[in-house]
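Here is the structure we will look at.
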Amino acid sequence: MLLRFIQPLRGLARLFTAAGTPRQLALGLAMGMLIGLVPKGNLTAVLLAVILLASRVNLGAGMIGAALFSWVGMLVDPLSHRIGQAFLTHESLQPTWAYLYDLPLAPWTALNNTVVLVSLLLGLWLFYPVYRLSELAFAHGQPRVVDWLKKYRIGQLLGGAEMAAGWRDP
Amino acid sequence: MIRWSYVIPRLLLLGALVLALWAGLNPLVRWTIVSMGQSATTAKVEIDRAETSLLGAKIHLTDVRVANPQDPMENLFEADQVTLALDSDSLLRRKLIVREGRVSGLRFGTDRDASGTLDWSIDWDVELPHADLGELGRQRLDQLADILKQQLVEQAEQLESVRLAKDLYERWPVEYERMEARADSLRGRVESLRALSDTVRDNPLADNPLRTLGACQQAALELQQMRQEIVDLRSEIERLRRQALNDKDAVVLAKDRDLEKIRETFQGESLDAETLSEYLLGEELSETVRSLAGWVRWGRKYLPTDVERPEPVRGRGVDVLFRGVRRRPDFLIESLVLDGEAQLGGRRVEFLGTAAGITTQPELYGRPVVLKARINAQTEVALEAVLDHTGAGAHDRITISCPDWKQPERVLGRPDQLAVFVSPGSTHLWVSLDLEGEQLSGRILVQQGPVELIPDLAALRVEPRLAQSLQTAMSEVRQIRVVVDLSGTLEKPEWRFQSNLGPQLAGAVSGMFERELDARRRELAAYVRSQVEEQLARFEGRILAEQQELLAKLDLNNTQIRELNQLIAQRLRLPKGVLAEGLPQGLPFRF
């Protein structure tokens, strides 16, 4: 019964310990950030989710990133809308946009939406910095977390057998 | 080198996804259509089976039933098979375009085994417009029929003069009986006094006036009272005489008023052709207009217009429409073939039709919905509806043409008034309605021939001779041709009738009514005169007799009192004239 309650915490602990290298964690977080920023219900979001699922990245980090940046995305929506409006209604870009929009499947991507386009561009622009910074953070933070978990009984409880195996094979 | 530990789980995942899509696509399509249908109709939508072909971009539905939200135990429609061929290119561009489709076995208003209601409180009622278009003709004929249906005696009984004369004849004898009773009572008292006087006279002590003084004084007092009563009675008779004269005058005045009223009431307005046509055909055609207007309103409720469309509410961002991109509706049925059964004139008939341009965004599509149907039964009916909702307001045009409608024998008008039996025959019906916004214009053309018309006037009790003349006039009508011009609004349609029935029959019917009314007027006036005069003559005769009898009684009483007076005066040895004997003279009592 108790295990059922601590299952999410075990997942979190596993995120920082056993399941993957700092690179995989950082890639997962960056991709999650991208998914989180983009509004859902369109082909763009579906494709990003498929890429996340199909890549060899840490899914937990991706989900945390998506959840976290969904909130951030909401906060930056007004700004995204204004920038998107400027982009999409720019006179010189109209023929290009019209051509792209007329391609098969393009309307499903919702890239003619002011927020979707700018959120995607923002996510792509932030992708590398987030990846790099988080990789550094995970590289420094992962051993410390493992040490901390080893020290305390609660860490052993959260880690269980899988974590112990991970500790044996750093 | 391939890392199988990485590839295999992902291949398995992809395989599972494809399998889920293959197995779940049909239920998903079925669920989507049911959800959308239920959301639109607020009643149950049932589909037995849905088959989807991704490669062919086709959807095939079997046994589709859509419940009627106004009657949950009835289907709005049901169809055996629905096949929709989608435009795959449009599907890739997020547009659901049905290039062509076929709905087979379409039936309307079929029964359901279970209730089709959903617990949604959306008002589906479509209020039918107020179109009681035959009202004017009906009111006019109602007035005439009310007059003609009454018996002469019934009509006369309602008149004031007849009622007053009767009342006079019945009331006055009662008054006189009361007076007679008083006179009789007076006579009784005189007799009693006479008996008292005889007792006094026969008394051995009568010579001594002192001994009979008390009795005589009492008799004198009684005599005095009786005299006074006779005076009162005579003045009462005088009052009654004046009252009788007034009552008689009132009856005469009432008679004059009644005769005037009879003249006014029986001044039948002549029936013009339009009124008569409206009376005979109004109800039948009013129902047609009402049904069509109802269907238009129903259609308008569910076919969107540019004006009604609310702006989509988006939480995040705005969809920009690029210049140069052709705007197309999200949902469109380009062409749909319909076949099935419909109810027409109480009979099940098979129909074949097409529907084109059904869309959720008519302003983007730019073309109206065009419905065409052809009913092939004993007769052929062609219907064409062009529902143009592309502009700011709806503009609907409906044309129905039925060149050879087999009509059974039917009754025009009302059997309880003036009715006309129409022989069975072939009718050409043509209806054209044009509704721009709420403004209605249109025309209904009905043509039936050869036809035989038989009037039914039994309820009106007109003279057989007049009924025969009407029948002769109607026998000349070999064709019914009605043109109805519609105007007004959808809520309150108005119409103008033109019919060959009117001019051909109005003269005959109006003449018949006028002659009948004139005869009735003269007959009733004569009846009233005779009734009133007869009652008054009887009244006068009876009153005179009663009065003479009463006066005779009073004269007799007067004489007796005078005798008694003398007798008592002798007994009391009073000088003559001490007891008053002067009584008022008889009063004249003549009309």
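Of the residues in the stretch B:22-54, how many are over 30 Å from B:Thr110 (Cβ atoms) and in contact with a helix residue (DSSP H, G or I) (Cβ under 9 Å, 6 or more places away or on another chain)?
Qualifying residue count for the region: 1.
Is it true that A:Thr96 is without any contact (Cβ under 8 Å) to a residue 24 or more places away in the chain, farther than 19 Å from B:Gly317 by Cα and either within 13 Å of chain B (Cβ to nearest Cβ) or in contact with a Gly (Cβ under 7 Å, 6 or more places away or on another chain) (or both)?
In short, yes.
Just checking, does the stretch B:452-470 include any residue being within 30 Å of B:His395 (Cα to Cα), at pLDDT 70 or above, among the acidic types (Asp, Glu) and surrounded by fewer than 18 Cβ atoms within 10 Å (Cβ to Cβ)?
no
Matching residues to (1) over 26 Å from the mean Cα position of the chain (by Cα); (2) crowded, with 19+ Cβ neighbours inside 10 Å; (3) of a type in the set (Phe, Trp, Tyr); (4) in a loop (DSSP other than H, G, I, E, B):
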residue: B:Val411; (1), (2), (3), (4): no, no, no, no
residue: B:Asp416; (1), (2), (3), (4): no, no, no, yes
residue: B:Ser426; (1), (2), (3), (4): yes, no, no, no
residue: B:Ser432; (1), (2), (3), (4): yes, no, no, no
residue: B:Leu440; (1), (2), (3), (4): no, yes, no, no
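So, in the stretch B:92-105, exactly how many residues are within 12 Å of B:Leu332 (Cβ to Cβ), of a type outside the set (D, E, K, R) and more than 48 Å from the chain's Cα centre (by Cα)? Reasoning before the result, please.
So in the stretch B:92-105, the residues within 12 Å of B:Leu332 (Cβ to Cβ) come out as B:95-101.
Checking the rest, the ones that are also of a type outside the set (D, E, K, R) come to B:96-98, B:101.
Checking the rest, the ones that are also more than 48 Å from the chain's Cα centre (by Cα) come to B:96-98.
Looking only at that region, the number is 3.
Go through A:Pro143, A:Pro107, A:Pro129, A:Pro95 for me and flag whichever is part of a helix (DSSP H, G or I) and modelled with pLDDT of 95 or more.
None of the others qualify; the one that does is A:Pro129.
Considering B:Gly268, B:Gly282, which residue is modelled with pLDDT under 70, surrounded by 15 or more Cβ atoms within 10 Å (Cβ to Cβ) and closer than 30 Å to B:Asp456 by Cβ?
Values: B:Gly282 fails: modelled with pLDDT under 70.
Within the list B:Gly268, B:Gly282, the selection yields B:Gly268.
This table checks each residue for (1) of a type in the set (Asp, Glu); (2) part of a helix (DSSP H, G or I); (3) without any contact (Cβ under 8 Å) to a residue 24 or more places away in the chain.
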residue	(1), (2), (3)
B:Ala16	no, yes, yes
B:Trp22	no, yes, yes
B:Val34	no, yes, yes
B:Gly37	no, yes, no
B:Ile47	no, no, yes
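When you scan the stretch A:105-123, do you find a residue that is surrounded by fewer than 17 Cβ atoms within 10 Å (Cβ to Cβ), facing another protein chain (nearest Cβ under 9 Å) and at positive phi, even just one?
Yes, the stretch A:105-123 contains at least one residue that is surrounded by fewer than 17 Cβ atoms within 10 Å (Cβ to Cβ), facing another protein chain (nearest Cβ under 9 Å) and at positive phi.
Pick out the one residue from B:Leu86, B:Leu106, B:Leu92, B:Leu54 that is modelled with pLDDT of 90 or more and under 18 Å from B:Leu25 (Cα atoms). Don't jump to the end; show me each part of the working.
Numbers: B:Leu106 fails: under 18 Å from B:Leu25 (Cα atoms); B:Leu92 fails: modelled with pLDDT of 90 or more; B:Leu54 fails: modelled with pLDDT of 90 or more.
Within the list B:Leu86, B:Leu106, B:Leu92, B:Leu54, the selection yields B:Leu86.
Which members of the stretch B:87-111 meet the condition of being away from chain A (no Cβ under 14 Å), under 20 Å from B:Ala355 (Cβ atoms) and not polar (S, T, N, Q)?
Answer for the stretch B:87-111, where residues must be away from chain A (no Cβ under 14 Å), under 20 Å from B:Ala355 (Cβ atoms) and not polar (S, T, N, Q): B:Val98, B:Arg99, B:Glu100, B:Gly101, B:Arg102, B:Val103, B:Gly105, B:Leu106, B:Arg107, B:Phe108, B:Gly109.
Looking at the stretch A:25-48 only, could you name the residues that are modelled with pLDDT under 90 and part of a helix (DSSP H, G or I)?
The one that is modelled with pLDDT under 90 and part of a helix (DSSP H, G or I): A:Leu25.
Name every residue in the stretch B:49-86 that is surrounded by fewer than 16 Cβ atoms within 10 Å (Cβ to Cβ) and either within 14 Å of another protein chain (Cβ to nearest Cβ) or not in a strand (DSSP E or B) (or both), in order of residue number.
Residues satisfying the conditions are B:Leu54, B:Leu55, B:Gly56, B:Gln70.
Give the stretch A:43-102 a look and list any residue that's farther than 18 Å from A:Gln24 by Cβ and among the charged types (D, E, K, R), or say none.
A:Asp77, A:Arg82, A:Glu91, A:Asp102
Among the residues of the stretch A:70-93, how many are out of contact with any helix residue (DSSP H, G or I) (no Cβ under 7 Å at 6 or more places or on another chain), facing chain B (nearest Cβ under 7 Å) and not polar (S, T, N, Q)?
So the count comes out to 0.
Yes/no matrix, rows are residues, columns are (1) modelled with pLDDT under 75; (2) buried (at least 19 other Cβ atoms within 10 Å of the Cβ); (3) farther than 24 Å from A:Leu103 by Cα; (4) within 14 Å of another protein chain (Cβ to nearest Cβ):
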{"position": "B:Ser291", "(1), (2), (3), (4)": "yes, no, yes, no"}
{"position": "B:Tyr302", "(1), (2), (3), (4)": "yes, no, yes, no"}
{"position": "B:Val307", "(1), (2), (3), (4)": "yes, no, yes, no"}
{"position": "B:Pro312", "(1), (2), (3), (4)": "yes, no, yes, yes"}
{"position": "B:Val325", "(1), (2), (3), (4)": "no, no, no, yes"}
{"position": "B:Leu332", "(1), (2), (3), (4)": "no, yes, no, no"}
{"position": "B:Ser335", "(1), (2), (3), (4)": "no, no, yes, no"}
{"position": "B:Gly345", "(1), (2), (3), (4)": "yes, no, yes, no"}
{"position": "B:Leu383", "(1), (2), (3), (4)": "no, no, yes, no"}
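Among (1) surrounded by 17 or more Cβ atoms within 10 Å (Cβ to Cβ); (2) at pLDDT 75 or above, where does B:Ala273 come up short?
Only one criterion is unmet by B:Ala273, namely (2).
Of all residues in the stretch A:45-72, how many are in contact with a Leu (Cβ under 6 Å, 6 or more places away or on another chain) and among the polar types (S, T, N, Q)?
Of the residues in that region, 1 qualify.
Limited to the stretch A:38-69, what total is found for residues that are within 11 Å of chain B (Cβ to nearest Cβ) and closer than 30 Å to A:Thr21 by Cβ? So that I can check it myself, show each step before the final result.
Taking the stretch A:38-69 as the starting set, the residues that turn out to be within 11 Å of chain B (Cβ to nearest Cβ) are A:38-43, A:50, A:53-56.
Right, trim to closer than 30 Å to A:Thr21 by Cβ and you get A:38, A:40, A:50, A:53-56.
Going through the stretch A:38-69 one residue at a time, the tally reaches 7.
The values are calculated or read from the model by the stated rules, or taken from the named source; none is laboratory data. Remember, it's a predicted structure, so these values are computed and weren't measured experimentally. Positions of Cβ are backbone-derived with ideal geometry, glycine not excepted, and every protein chain shown enters the neighbour counts.
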